[in-house]
1. Percent relative contact order of segment 308-467, based on C-alpha pairs within less than 8 angstrom and at least six residues apart?
2. Where does the charge balance sit around Pro454 when Lys and Arg score +1, Asp and Glu -1, over other residues with C-beta under 13 Å from its C-beta?
3. Tell me, what is the percent relative contact order of segment 1-123, built from C-alpha pairs under 8 Å that lie six or more residues apart?
4. How much accessible area does Ser241 have with a 1.4 Å probe, in Å² rounded to the nearest 10?
5. For segment 195-239, compute the orientation-averaged projected area of the C-alpha convex hull (one quarter of its surface), in nm².
6. Label segment 292-398 by shape, choosing from rounded, prolate and oblate, from the square roots a ≥ b ≥ c of the eigenvalues of the Cα gyration tensor; if a/c is under 1.5 it is rounded, and otherwise prolate applies when a/b is larger than b/c, oblate when it is not.
7. Applying a 10 Å radius around every beta-carbon, put 366-376, 335-345 in order of their mean neighbour count, most first.
8. Antiparallel as a % of all DSSP beta bridges within the chain, to the nearest 5?
Amino acid sequence: MMPHQNGIPPLVTALKSSAEKNAASFHFPGHNRGRAAPASMTALIGRKPFVHDLPVLPELDYLFSPNGPILEAQLEAAKLFGSSHTWFLVGGTTSGIQAAIMATCSPGDVLILPRNSHVSAISALVLSGAVPKYIIPHFHNDWDIAAAITPSQVLQAIREVEMEGKKAAAVFITSPTYHGLCSDLSRISELCHSHKIPLIVDEAHGAHFAFHSKLPKSALQQGADLVVQSTHKVLCSLTQSSMLHMSGNIVDKDRVSACLRTLQTTSPSFLLLASLDAARAQLSENPDTVFRQAIALADETKSVLKQIPGISVLDNSSFPASPAVDPLRLTVGFWNLGLSGSEADKILYKDYDVICEIFGNRSITYALNLGTCREHVHRLVLGIKRLAATYGSIPKAEKKVVNVHAPFDDVIMSMIPRDAFFASKRKVAIRESIGEVAGEIICPYPPGVPILIPGEVVTENIVDYLLLVTSKGAEVNGASDSSLSSIVVCGKLAAGKEHP
Ligand SMILES: Cc1ncc(COP(=O)(O)O)c(C=O)c1O
């Protein structure tokens with residue numbers, strides 16, 4: 001291992017010294033340490049990113065069997081985030097979620113998960129062959145936003161699985177949600193552990209949680225066994241870089257490593273890996289105060305916005321079942337102005353160059369972070385004030401308020417996602433798909449919740465809902481025909497392959 005020099009990130013140091021070598025380089029990538037970098041890219045970002053875009057070299061270490069600077073960087077991260085082991089990921093949180101589920105669920109095992117889980121959890125069902133036991137989240141009517149999963153929902157799911165004579169292999173929870181709503185993970189982990197079930201937490205949006213007393217407690221602090229964080233979302237590493245943390249010994253660490261070897265590239269980007277190390281070091285410098293200013297700015301922004309007539313600001317009062325809401329997530333409701341999230345967003349984008357993180361049917365969500373500056377906040381507040389002044393004066397009768405609810409009560413799983421994924425398929429007109437088994441994931445955005453998961457029966461309600469939201473401008477992710485005039489359904493299953 002390299003000598004550790006006063007907090008200097010070990011992998012960044014290794015990358016720097018490797019790039020500074022006067023090496024006769026006969027290795028990939030073909031830009032040859034920037035010498036043949038495409039001019040259009042160097043005009044944009046210079047040569048340095050290429051100079052440091054190095055392949056796997058002994059002095060840089062091996063992601064799948066680290067014993068040098070990668071190991072050192074992962075150990076530093078484990079110490080800071082409070083895990084017993086941390087893996088650096090170059091396939092985003094997506095690869096970490098898939099590995100966590102594959103490491104805990106074998107084909108036929110039951111996985112308890114929210115129906116509105118990120119698509120990576122659904123693809124993990126395909127990869128692992130696990131049988132989903134969905135928890136349907138509550139939706140808040142005004143916000144049209146899914147609430148966080150509660151301990152009693154988890155307990156009910158565990159009991160229902162037990163009543164079928166089975167035991168769940170893992171519980172998967174998303175906390176915080178995209179909108180910053182947190183579950184009571186302390187209670188949920190107690191529940192899971194009392195049933196000897198590992199708890200996996202998708203903490204893609206909460207990698208910053210351990211770093212200020214005003215932030216919610218992190219999943220690791222609350223007893224989760226496997227936690228996946230998008231270090232590239234609220235923290236400052238490069239896009240696509242994430243971390244998977246483990247705590248305790250319920251989960252087999254070697255199996256997690258084997259799953260990651262199966263899922264990830266054999267040519268990891270050292271720029272991504274070094275950026276994870278650097279993002280960790282950035283926090284290590286002053287872990288208790290690094291987010292102080294950002295939180296103060298977010299608090300201030302919310303109190304200003306709350307004073308604007310017709311504007312709603314999401315907080316705990318609307319979601320009392322959540323023990324905490326991320327103070328750095330700002331969700332603003334526009335329904336009292338008669339505007340949908342997408343209509344308000346179009347205006348704020350076009351007239352003020354304000355770019356949000358996500359918009360919903362009735363709200364827009366903004367992500368604040370260490371780089372948020374006062375000028376941008378002023379611009380956002382100014383834009384919202386002007387919107388309120390313009391649309392607040394329109395008589396109530398003329399205001400149309402969008403309110404459509406996803407037909408989750410209709411979920412009928414005819415095949416498990418893995419069988420549906422590998423079944424033969426055909427394309428049918430959307431109206432003709434009623435009664436058929438979905439062969440692809442259909443996820444309208446907003447609200448970004450899968451309405452059909454491979455293996456589920458298409459109902460009339462679901463088709464009506466999909467046609468309604470697409471007519472209102474929702475985009476459909478996952479579908480092979482994004483206009484939704486047709487969808488892919490399963491053909492007959494091969495003999496002997498029927499789901500029991
Ligand atoms: C809740 C949630 N989980 C997981 C992911 C996947 O993260 P990544 O983009 O790092 O693969 C996302 C991405 O937006 C997400 O919102």
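The values are calculated or read from the model by the stated rules, or taken from the named source; none is laboratory data. The model shown is predicted, which means the values in this text are computed figures rather than measured ones. For neighbour counting, all protein chains shown are included, and Cβ atoms are generated from backbone atoms with ideal geometry for every residue, glycine included. With ligands, DNA and RNA removed, areas are computed over all heavy atoms of the protein, side chains included. Shrake-Rupley method; radii C 1.70, N 1.55, O 1.52, S 1.80 Å.
1. Numbers: 232 pairs, mean separation 31.0, N = 160.
Relative contact order for segment 308-467 comes out at 19 percent.
2. Working: positive: Arg418, Lys425; negative: Asp419, Glu436, Glu440, Glu456.
Around Pro454, the charge tally is -2.
3. Details: 91 pairs, mean separation 25.9, N = 123.
RCO, segment 1-123: 21 percent.
4. Answer for Ser241: close to 0 Å² accessible.
5. With every direction weighted equally, the projected area is 3.4 nm².
6. Oblate is the answer for segment 292-398, as a/c is 1.5 or above yet b/c matches or exceeds a/b.
7. Numbers: 366-376: 15.0, 335-345: 22.1.
Highest to lowest by the protection proxy: 335-345, 366-376.
8. Details: 33 of 48 bridges.
Bridges in the chain are about 70 percent antiparallel.
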